[in-house]
Amino acid sequence: MPRTRAATPASVSTSKGPSGVTKRPPASAGGFFLCLVGLESPYKQVRGGPLTCPTFVREYYVKRLSTGLLAALFAVGIGSTSVSAQGAMAPAADFGTPPSGEVPILFNDRHVYSKPDRLKANRVLAALIRGNTILIPLRSMFEQMGATVSYDPASKTVDVSKPGSDVKVTVGQPEVVINGESRPLDVPPEIYKGSVVVPVRVISEGMGAYVQWVPDRRIVVVRYIPAPVPTPVPTPTPVPPTPVPTPVPTPTPSPSPSPSPNPYEHFVVGDYIFSPKVYNEFSPGNTGKGGSFSARGAVEFPAFGLPWMLEGDYRSYSYPHNNDFTPAEVAAGACMPHIPITGQGCVTTIGGYGATNVPSFMARDTDFDGRIGIKIASPRIYIGVGYLSRAENYGYPKENGVGFGAEKLPDLDQPFSLYGSVWYYPAINGSYRFPDMGPPDDLAGQVLKMQQRFLKYQVGGTYSLGNSGLFLDAGFLGDTIRNKQLMPGLDASHSGGYVGLGIHF
């Protein structure tokens, strides 16, 4: 770390000056120089130390050197003004009379001014003395050393930086941070006449300057020699490598393009409906036994710049109608009005005008609807319209009607997929002709429409079996039927779980 040195008369023992810089006997070069210019006493033997400079030696060299050379040496040693080349030594520079408590400063043999754009002849920038410490103006000194100075008025912190050095001080705080290391100061920095002044040790230790205190003249001399820029080592001219023959590249076969997945699904699937529950005039919640199944298929396709789908859905429910009447109960008029003999064998007639005894049989209800939809969202969500046809095996008329709904088709290009649908038919109807005889007499032989509101739903999932195109299918489906006109009961329903196998193309 740079050291602060001070020139002091040899007759004065080692001590500390006002700057806090140690006074020492002159070194071989500096002391000899001060001896020559008359700022030191003649050398003499000091307690076994080196011999002092005799007076006759000084007189000898003074006589041999011209007055111009002596003036130049005087300017280098203590920063005085130059002398004329004709040999007449100019008078010492007039540093003026600094205000009380201030001392002049010389920097590299030049006067230092606080504002270089407003020079004042023979007026150097004054340093301050606070106790035993010399404070010097920070910005002027550091900028002349090639450093960049920035001041933050909010925190009153000064940041000085140049390659290899960084110094931070804060007004009023007795510390300096040099290259990240905090060091104490005897006297904190302060603001004097608009300039931040810091102890001279900040200059010497932070920037590697050489500082001298000349007590006889009450002058602070600061010398700073920038570190020499190292001469770059010339880069040897590289020897060009022996050219290697470029191998003929083996042509890489173009990879076969991977087939892009078909954005449109085409599939068919068949499912077995196990143990469906049926509620209607023939079944008070009987469980279906075998023979219940469903089948469906769908095709996606583009048309008019839009994605469309066509789908068909078929369902068949098989369930028992039970009649537990004995022949005697049937002969006694079971299910007849005002006869208290009832059971599952009694079936409400169309129009709800009474009940009749129906023997046991295996009932079957079927429906099929075709759907067309347009895609409204991904993945494969459609809305559309459908046409439904419904039939039974117990003499009711075939019913049909138009409805609408929403559909989520399965994504069979994925290992797992979910799907679902809800379709509503507000009026499915068929023509029914009342018998020519029997109640009600006013409707005998008339043909009326039997109408129902029909809602069917389904939710399920698929699992693709590798690349075979086959997939497993499972879920839950059903319907709800509400009376609109002439239905035997108020409502009916079918529901049950299913499992099946399908194939997509």
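The values are calculated or read from the model by the stated rules, or taken from the named source; none is laboratory data. Values in this document were obtained by computation on a predicted structure and should not be read as measured data. Here the Cβ positions follow ideal geometry from the backbone for every residue, glycine too, while neighbour counts run over all protein chains shown. Note: areas computed on protein heavy atoms with side chains; ligands, DNA, RNA excluded. Shrake-Rupley method; radii C 1.70, N 1.55, O 1.52, S 1.80 Å.
Restricting the stretch 422-466 to residues that are assigned to a loop (DSSP other than H, G, I, E, B) and open to solvent by less than 50 Å² (accessible area, probe 1.4 Å), the residue that is nearest to residue 505 (Cα to Cα) is 434. With the requirement that a residue be farther than 28 Å from residue 404 by Cα and open to solvent by 30 Å² or more (accessible area, probe 1.4 Å), what does the stretch 262-287 give you? Once the filter is applied, which keeps residues that are farther than 28 Å from residue 404 by Cα and open to solvent by 30 Å² or more (accessible area, probe 1.4 Å), the stretch 262-287 yields 275, 284, 287.
Tell me which residues, restricted to the stretch 241-292, are basic (Lys, Arg) and modelled with pLDDT under 90. Working first, answer last.
Going through the stretch 241-292, the residues basic (Lys, Arg) turn out to be 277, 289.
Answer for the stretch 241-292, where residues must be basic (Lys, Arg) and modelled with pLDDT under 90: just 289.
Here is a list: 474, 492. Which entry is open to solvent by 20 Å² or more (accessible area, probe 1.4 Å) and of a type in the set (Gly, Ala, Ser)?
Working: 492 fails: open to solvent by 20 Å² or more (accessible area, probe 1.4 Å).
On inspection, the qualifying residue turns out to be 474.
Just to be sure I understand, how many residues within the stretch 477-489 are more than 30 Å from residue 265 (Cβ to Cβ), surrounded by fewer than 18 Cβ atoms within 10 Å (Cβ to Cβ) and of a type outside the set (D, E, K, R)? Working first, answer last.
We begin by selecting, within the stretch 477-489, every residue more than 30 Å from residue 265 (Cβ to Cβ); these are 481-489.
So of that shortlist, the ones also surrounded by fewer than 18 Cβ atoms within 10 Å (Cβ to Cβ) come out as 482-485, 489.
Within this subset, residues satisfying the condition of being of a type outside the set (D, E, K, R) are 483, 485, 489.
So the answer is 3.
Residue pairs whose Cβ atoms lie under 6 Å apart, sitting 6 or more positions apart in sequence or on different chains, and linking a residue in the stretch 452-480 that is within 21 Å of residue 285 (Cβ to Cβ) and of a type in the set (A, V, I, L, M) to a partner that is open to solvent by 10 Å² or more (accessible area, probe 1.4 Å) and in a strand (DSSP E or B), are 455/424; 455/480; 477/458.
In the stretch 206-217, is there at least one residue being open to solvent by less than 100 Å² (accessible area, probe 1.4 Å), at pLDDT below 70 and part of a loop (DSSP other than H, G, I, E, B)? No; the residues of the stretch 206-217 include none that is open to solvent by less than 100 Å² (accessible area, probe 1.4 Å), at pLDDT below 70 and part of a loop (DSSP other than H, G, I, E, B). Scanning the stretch 466-496 for residues that are within 47 Å of the chain's Cα centre (by Cα) and either within 18 Å of residue 272 (Cβ to Cβ) or charged (D, E, K, R) (or both) turns up 470, 471, 472, 473, 474, 475, 476, 477.
Take the residues in the stretch 288-304 that are open to solvent by 50 Å² or more (accessible area, probe 1.4 Å), in contact with a strand residue (DSSP E or B) (Cβ under 6 Å, 6 or more places away or on another chain) and not aliphatic (A, V, I, L, M), then tell me which one is farthest from residue 376 (Cα to Cα). Spell out how you get there, then give the answer.
Start the filter on the stretch 288-304 by keeping residues that are open to solvent by 50 Å² or more (accessible area, probe 1.4 Å), which leaves 289, 293, 299, 301-302, 304.
Still in the running and in contact with a strand residue (DSSP E or B) (Cβ under 6 Å, 6 or more places away or on another chain): 293, 299, 301.
Restricting the remaining residues to those that are not aliphatic (A, V, I, L, M) gives 293, 301.
Details: 293: 30, 301: 14 Å.
Step by step, filter the stretch 288-304, then rank; the result is 293.
All conditions but one from (1) within 47 Å of the chain's Cα centre (by Cα); (2) among the β-branched types (Val, Ile, Thr); (3) farther than 15 Å from residue 138 by Cα apply to residue 214; the one that does not is (1).
Name the single residue, out of those in the stretch 368-384 being in a strand (DSSP E or B) and either in contact with a Ser or Thr (Cβ under 7 Å, 6 or more places away or on another chain) or hydroxyl-bearing (Ser, Thr, Tyr) (or both), that is most open to solvent (accessible area, probe 1.4 Å). Top of the filtered list is 368.
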